[in-house]
1. Could you list, in sequence order, the residues of the stretch B:387-425 that are of a type in the set (A, V, I, L, M), touching a Gly at 6+ places or on another chain (Cβ under 8 Å) and either open to solvent by 60 Å² or more (accessible area, probe 1.4 Å) or under 30 Å from residue A:245 (Cα atoms) (or both)?
2. Condition check: surrounded by fewer than 24 Cβ atoms within 10 Å (Cβ to Cβ) and within 13 Å of chain A (Cβ to nearest Cβ). Does residue B:193 satisfy that?
3. In the set B:148, B:144, which member is touching a strand residue (DSSP E or B) at 6+ places or on another chain (Cβ under 6 Å), in contact (Cβ under 8 Å) with a residue 24 or more places away in the chain and open to solvent by 10 Å² or more (accessible area, probe 1.4 Å)?
4. Under 6 Å between Cβ atoms, at least 6 apart or on separate chains: pull out the pairs that start in the stretch A:414-433 with a residue that is at negative phi and end on any residue that is of a type in the set (Val, Ile, Thr).
5. Would you please name the residue that is modelled with the highest pLDDT, looking only at residues in the stretch A:18-56 that are open to solvent by 60 Å² or more (accessible area, probe 1.4 Å) and not in a loop (DSSP other than H, G, I, E, B)?
6. Among residues belonging to the stretch A:483-492 that are over 19 Å from the mean Cα position of the chain (by Cα) and open to solvent by less than 60 Å² (accessible area, probe 1.4 Å), point out the one that is farthest from residue A:90 (Cα to Cα).
7. Which of the residues spanning the stretch B:279-289 are within 14 Å of chain A (Cβ to nearest Cβ) and charged (D, E, K, R)?
8. When residue A:517 is evaluated against the numbered criteria (1) open to solvent by 10 Å² or more (accessible area, probe 1.4 Å); (2) away from chain B (no Cβ under 14 Å), which criterion, by number, is the only one it fails?
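The values are calculated or read from the model by the stated rules, or taken from the named source; none is laboratory data. Remember, it's a predicted structure, so these values are computed and weren't measured experimentally. FYI the Cβ positions are ideal-geometry reconstructions off the backbone, even for glycines, and counts take in every protein chain you see. Side chains included, ligands, DNA and RNA excluded: accessible areas come from the protein's heavy atoms. Shrake-Rupley method; radii C 1.70, N 1.55, O 1.52, S 1.80 Å.
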Number of protein chains: 2
Amino acid sequence: MAIDRTRQRWQGWGPIDAPDPLGDRAGAWEYLAQALGATSFATTPALPFEAAMLPPPLEEADLARLSAVVGGDRVLTDSFHRACRARGKSYPDLHLLRSGDAMTAPGAVVLPNSTDEIVAILQQAEGAGLAVIPFGGGTSVVGGATGGGTRSIALDLTRMDRLLDLNETDRTATFEAGIDGPALEAALHARGFTLGHAPQSFLYSTLGGWIAASGSGQQSGIYGRAADWFVRAELATPRGVWRTESFPANAAGPWLGRLVVGGEGVFGVIANATVRIRPTPETRDYRGYVLPSFSAGAEAIRNVVQAGVPAMLRLSDEDETKFLSGFSTFGRRPSLRRRLGEAYLHARGFSRNFCLLIAGFEGEGREVVRVRRAAETEIRRAGGLALGRSVGDRWYERRFHGPDLRDPLLDRGVGVDTLETATRWSNLQRLYEAVRGALAASIAAGSPGRGVVMTHVSHSYPEGASLYFTFLFLRRPGEEIAQWRAIKTAASAAIMDAGGAITHHHGVGVDHLPWMMREKGPIGVEILRAIRKTVDAKGVLNPGKLIP
Amino acid sequence: MAIDRTRQRWQGWGPIDAPDPLGDRAGAWEYLAQALGATSFATTPALPFEAAMLPPPLEEADLARLSAVVGGDRVLTDSFHRACRARGKSYPDLHLLRSGDAMTAPGAVVLPNSTDEIVAILQQAEGAGLAVIPFGGGTSVVGGATGGGTRSIALDLTRMDRLLDLNETDRTATFEAGIDGPALEAALHARGFTLGHAPQSFLYSTLGGWIAASGSGQQSGIYGRAADWFVRAELATPRGVWRTESFPANAAGPWLGRLVVGGEGVFGVIANATVRIRPTPETRDYRGYVLPSFSAGAEAIRNVVQAGVPAMLRLSDEDETKFLSGFSTFGRRPSLRRRLGEAYLHARGFSRNFCLLIAGFEGEGREVVRVRRAAETEIRRAGGLALGRSVGDRWYERRFHGPDLRDPLLDRGVGVDTLETATRWSNLQRLYEAVRGALAASIAAGSPGRGVVMTHVSHSYPEGASLYFTFLFLRRPGEEIAQWRAIKTAASAAIMDAGGAITHHHGVGVDHLPWMMREKGPIGVEILRAIRKTVDAKGVLNPGKLIP
């Protein structure tokens, strides 16, 4: 089933009828007030949809061109459907939509059913001078889904959500690109397989989006990231259909299919894609550990991943460990079990400053035991202590729920955003300190109260790892965008100066564009432009995204 | 130490003073005559260097431009050095050079010492209208090293062979691109590491060549192929220096560094590159097995690789198994051990048509035992039987020696060439039969006697594997190139029609160019052209290679 936009929050995260996860958590708000140095919280609800400002829809002549391709029932012009595709889910996106600014809403939403239809739409758009924004789940947190106003079309791929082929021998599956996470996994599970790609946006994001934004699932240490599981794609371009190479390995020139991963829809619309699949894991084993320090934990992860042990390893720094633990229990009476746990840690010589590591293992039963033991050897060597499965199970259960907190926080004048980067192991500590420092300083300079800055290692590789930062701050009413931009700019500059990647898995969109250009260098940027020009001479696709 | 061309055969393989491996092997010749249906062998030695025809060297004015950049002692114009860079080691290359045709020899050989020198040379060449052919080991078997005559320069990278950095924490090393296999591994071994990339050309090929041709080492199942271990490169282009992305993972647009792998020197000259390294293996364990059939063996390999077991798995088909066994023992009295071995196989129900599988395991001692046992479980399940370590050790010892046979065979009127492809598991048998059939038929149609066609699975992946074909035939005097081209064309057409990649690891050069174009499709080819135009507007670099 395609995503039903009428059941989703047009300016927030998740279903319209989802309960407020902080509704009955006075203690959590109390803890937050203390952490942010706030005396009280404002009341800053989102404006109702009726107050939203939209640009006018496309003119009749253009609508007629599009209807001639897909039929009138698949060209939507009503305000609600256009507003739903005005923006993605970045901090500025949410702020603007909540304030009723839907001026980036497209002039129409078109729902194609096939690659050929997309080509025809692109050619019509080229002729009419319209911009086309491919739209899947619309969950981009970097401005990758921003619409282009009246003279643009949101090309909503979510009706293209079929499993086209599953080859058990080759362990590959081909899906239309608009299929969302739950539907894709359901189709695979029914045949005994999984892709295993589960980013935090899993419930709402699509296969095409995962590939276009070069995404990583939380278990990429086991299942690989998009670049690892992607095999081939069929793309619709204004020039026609581009089918990328389709071999397990190939030395006939550079692998052009790799350009599709991270291509963000400027090199063609991904219509369908083939991915590597694996048997549904027999066993899932998630556990918690405490490490005496962030650097000791990172060292353990490095040793595990360099030994080739497939695992999810998620290490929170001291501040994240402390905040999450406080936020989830404050105002509740700590359970006997928790109090005993703290006494145990104390007896084992752990100070209050320790780091939580969540490790996950998936696969065939005995193999899971083997890899867990291999990982635990390194964790113990780094001074780590096992907390058991309940901590891991709880993390697993709540693994997609982090973003649910954004709406209630924004309702009370609290800003929250995340950003991420990656670097080599030998540079990890330097990058960690530089970005934390930049976030803390820029929040302090531009916000009432104090900021909260938390970090975890989310994905790791033989030569390095990613760092994922979550930060909370009190918003400056009326200046929310300027305040956010100052923080984002300071953090991005710190990332670049300290040798980090501007993004590990969020993508470029519009927010990371200037930094991407620095990263690619002038020759790299011109190569990107030359490729785009080849497939899309007039720049119909996603103008302003990825490439300036 | 850079490769000393004066000690290498300019028109053959290996050192000038290497012994003839078939010199005292009358039995092998007898076996070969029988296999090829020959009554006798011709005497067709290579012409001496003195008989070689070369184009004139570059004119003084151009030489002066180049000498101004690198100094006169690093601009070579003597016939020998130019003839050494006239061609690579493909079948047509060897035939033409042996016949004294060195008309593709460059007008000069330039030996740069730095990235900046290469940029300056490229800019001088652009100004003077000269073509530049990057030259490493010159071992291309697909015409990737063919020179361009008087108005071209061979840019010999082999003086750029230093280790620039080795980071033990990150497990990465950065080398200048002209370093050859033995020197690279020696530098790493001295610090306890290995790259593990060992193609059959290992002794003579260079890091830059491995990357540019998208190579695979024999142990790519353990250490990965070039695309897997390549991290980043610094390239010299006529526009200046292009440094590709340098992160363990990155979502800031498509990974442009991936274009360098398989770029064949048309997107810039690889000046240095960073690669992933691993600890020198504590243990190497190579073993032989027999499988009842090629399809049973392939099935075992598929199960091993899909279970994620890192191993080298090299499966010969029945014809290759039989030929290699006969060729190596014919005319010798079979040893008692061999006769006992055959009796054993017979007793275990194996017919004479069985397949040899060489499996190799490398790494930490206990881990090697574990992965070998995992592989052996699948081999046994497929009806396989262990032959023990001596077969494996012998294969390992001789793993670089296959090409040594080409010169003595060509000396006796016997043509030998190899080609390779890759496809999905579910298509492997179809591709195997199609290519074998095309090779056998085209040899039969154009050659005296019969052909010998042998196949092995050389590299495997979760979704498919490569097939490597070796074929021998009696040459048609005076029509050697036409005869070879008919075979190559028939095999290439069969590969394409049966859904195979035109090359798994040999690269494109000039021989695979038309097939590469079919593989990439019109949009793909134009993307390649657009990228080249961006970095090299006038097409100075490697004209005629990779892209038409």
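1. B:387, B:422
2. yes
3. Going through B:148, B:144 in turn, the sole match is B:148.
4. Going by the 6 Å Cβ cut-off, the qualifying pairs are A:418/A:470; A:421/A:495; A:425/B:169; A:426/B:169; A:431/A:423.
5. Top of the filtered list is A:53.
6. A:490
7. Residue satisfying the conditions is B:282 alone.
8. (2)
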